[in-house]
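Derivation of every value follows stated rules applied to the coordinates shown; laboratory data play no part. Because the structure is predicted, anything quoted here is derived from the model rather than measured.
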Amino acid sequence: MADDVDFSGAWHCTHWYPSNNHDGDDMSECEVVAQQKGTLVVFQSLPDEHGAYMLVRLRIDDDFARGTWTENTAVDGEYEGKLYSGSLEMIIDADKRRIAGKWVGIGQDQVKNQPDVYVGRWELTRQ
């Protein structure tokens, strides 16, 4: 399928993660540009004025996408420029304009003050 569909171009990236400040999730959004070579699609944001940056690498296999993500957080933000990374398991919608699924990664449990494994939703939407 990756040879039939070109995922290159502008996308909107949204992911949800556990909040440090309240019950429930917070959301992070950014604009990314995808480049495709065969079954590999790389989604990359430009660093914003605060140094935040997102990189997603997905391998396309029929209607599924699997890969990794890396996020540099804003230097002056809540996460103080920390680097986070993990893996993704996603499903590609029939119209090929939305890729959605789950991420997994390691973060810091603020209550226990120790590392923990987190899971959340992730979505890429073609612009």
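Numerical summary
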quantity: Within a Gaussian network of the chain (alpha carbon springs, distance under 10 Å), most fluctuating of GLU71, GLU31, GLU49; calculated: GLU49
quantity: Max mean-square fluctuation residue, GNM over the chain, Cα-Cα springs under 10 Å, options SER85, SER45, SER28; calculated: SER28
quantity: Distance histogram in 5 Å bins (all Cα pairs of the range 29-77, percent per bin); calculated: 6, 20, 27, 20, 13, 8, 4, 2, 0
quantity: Spatial separation of Cα centroids for the range 54-121 and the range 2-50, in angstrom; calculated: 9
quantity: GNM top mover of GLN110, GLN36, GLN44 - the chain, alpha-carbon springs below 10 Å; calculated: GLN110
quantity: The chain: Lys pairs at Cα distance under 25 angstrom, eight or more positions apart or on different chains; calculated: 5
quantity: Rg to Rh quotient for the chain, alpha carbon positions, Kirkwood Rh; calculated: 0.98
